[in-house]
Amino acid sequence: MQPQQILAILATGEALSGSRLAAEAGLTRAAIWKQIEALRHRGVPIESVGSAGYQLPWPIQMLDESSIRAELPVVIARRIGALDLYWEIDSTSSELQRRGSAAPDFSIVMAETQTAGRGRRGRSWLSPPGLNLYVSCLKRFDAGFASLSGLSLATGVIVLRAVHALGIVGPRLKWPNDVLAEGGKLAGILVELSGEYQGPCAAIVGIGLNLRLTEALREQARQPVSDLAMLTHGVPPDRNRMAATLIASLVEGLDQFERAGFAAFVDDYAEHDALHGVPLRISSAAGEFDGVGAGIDVRGALQVRTAAGMQRIDSADVTVRRA
Ligand code: BTN
């Protein structure tokens, strides 16, 4: 028996004794204990509740490929090249890279947990099972890298649209593509491009969306983080439903980006721009300067009003200056 089967048995949120788990799983109690420890080690908050045994603090839904497919609108399901769900993988984006040219457009890879989830700038992305979503999608474009400026910003809008579709409001976008809520990072976006500057190329769009974090995971993240549970009075959406909604938003949004580029996203971005009117410090290879966020332009550059006039930033570290 694998850890995912133990997690599936505990998913209802009911307390189960070690001996009942052992009977259901057909394992010894010692083997159950080992699996519980392995799950805890990955960040799953399995509590020991005295003689009652083991319990999750809330019910969870295990990801399930057929439930996700069942939630997809028919037109979206038809567009998808592949939809593969793993219990564990190094990184859903690395898996799409390995598939390379053999992978059809709109190949989607998801996992319950990643052992080497990748963030931007060589950082890792915490990927415990049972709590959040890790989704990667491959999309090819004919017009080359040159046409893809703004794709990672558009992906931020795609994530927001998915969250809004489930009635959750409040998240905002911090340039270039952080999705924030309650002062912490709600989702991470990693867009990786390969191919030619002015010819055929492929984008692997990887999204990590936090549905539930625990105190221990917040500490491990070493940056302010948030989750959908904070925006939904502690009851985040069903994970399979959220996954299907995110996939549908990705397919529609990437198609839209191919047709119209970032211009099709600029209004939605502006509506949720967390930096608009905010005092900023910009740090780039060219140096450091202060200004006030003045929105983004149609290419996705950050506009900053400074004493020397309006500056347009394509790439830099942006921090909010505290008054
Ligand atoms: C960031 O640093 O903000 C980007 C994080 C991106 C994480 C996602 S999870 C799914 C996909 N697979 C990965 O290894 N990374 C991305």
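The values are calculated or read from the model by the stated rules, or taken from the named source; none is laboratory data. Just so you know, these numbers come straight off a predicted model, no measurement behind them. Cβ atoms come from the backbone with ideal geometry, glycine included; neighbour counts cover every protein chain shown. Areas reflect the complete protein model, heavy atoms only, side chains present, ligands, DNA and RNA absent. Shrake-Rupley method; radii C 1.70, N 1.55, O 1.52, S 1.80 Å.
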Please indicate, with yes or no, whether at least one residue in the stretch 102-122 is touching a helix residue (DSSP H, G or I) at 6+ places or on another chain (Cβ under 9 Å), over 23 Å from Gly188 (Cα atoms) and crowded, with 18+ Cβ neighbours inside 10 Å. yes
Tell me which residues, restricted to the stretch 161-215, are under 20 Å from Asp273 (Cα atoms), of a type in the set (Asp, Glu) and within 16 Å of the ligand (Cβ to nearest atom). Asp178
Identify the single condition in (1) more than 16 Å from the ligand (Cβ to nearest atom); (2) open to solvent by 10 Å² or more (accessible area, probe 1.4 Å) that Gly144 does not satisfy, given that it satisfies every other one. (2)
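Yes/no matrix, rows are residues, columns are (1) part of a strand (DSSP E or B); (2) touching a Phe, Trp or Tyr at 6+ places or on another chain (Cβ under 6 Å); (3) modelled with pLDDT under 95:
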| position | (1), (2), (3) |
| --- | --- |
| Leu138 | yes, no, no |
| Ala143 | no, no, yes |
| Ile158 | no, no, no |
| His164 | no, no, no |
| Leu180 | yes, no, no |
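Can you name every residue in the stretch 97-125 that is over 19 Å from Ser67 (Cα atoms) and more than 9 Å from the ligand (Cβ to nearest atom)?
Once the filter is applied, which keeps residues that are over 19 Å from Ser67 (Cα atoms) and more than 9 Å from the ligand (Cβ to nearest atom), the stretch 97-125 yields Gln97, Arg98, Arg99, Gly100, Ser101, Ala102, Ala103, Pro104, Asp105, Thr115, Gly122.
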Pick from the stretch 81-95, criterion of a type outside the set (Ser, Thr, Tyr) and away from the ligand (no atom under 11 Å from the Cβ), ranking: least open to solvent (accessible area, probe 1.4 Å): Leu83
Tally, over the stretch 70-111, of residues that are charged (D, E, K, R) and either in contact (Cβ under 8 Å) with a residue 60 or more places away in the chain or in a strand (DSSP E or B) (or both): 4
Residues in the stretch 33-51: is at least one over 24 Å from Val191 (Cα atoms), of a type in the set (Lys, Arg) and more than 16 Å from the ligand (Cβ to nearest atom)? yes
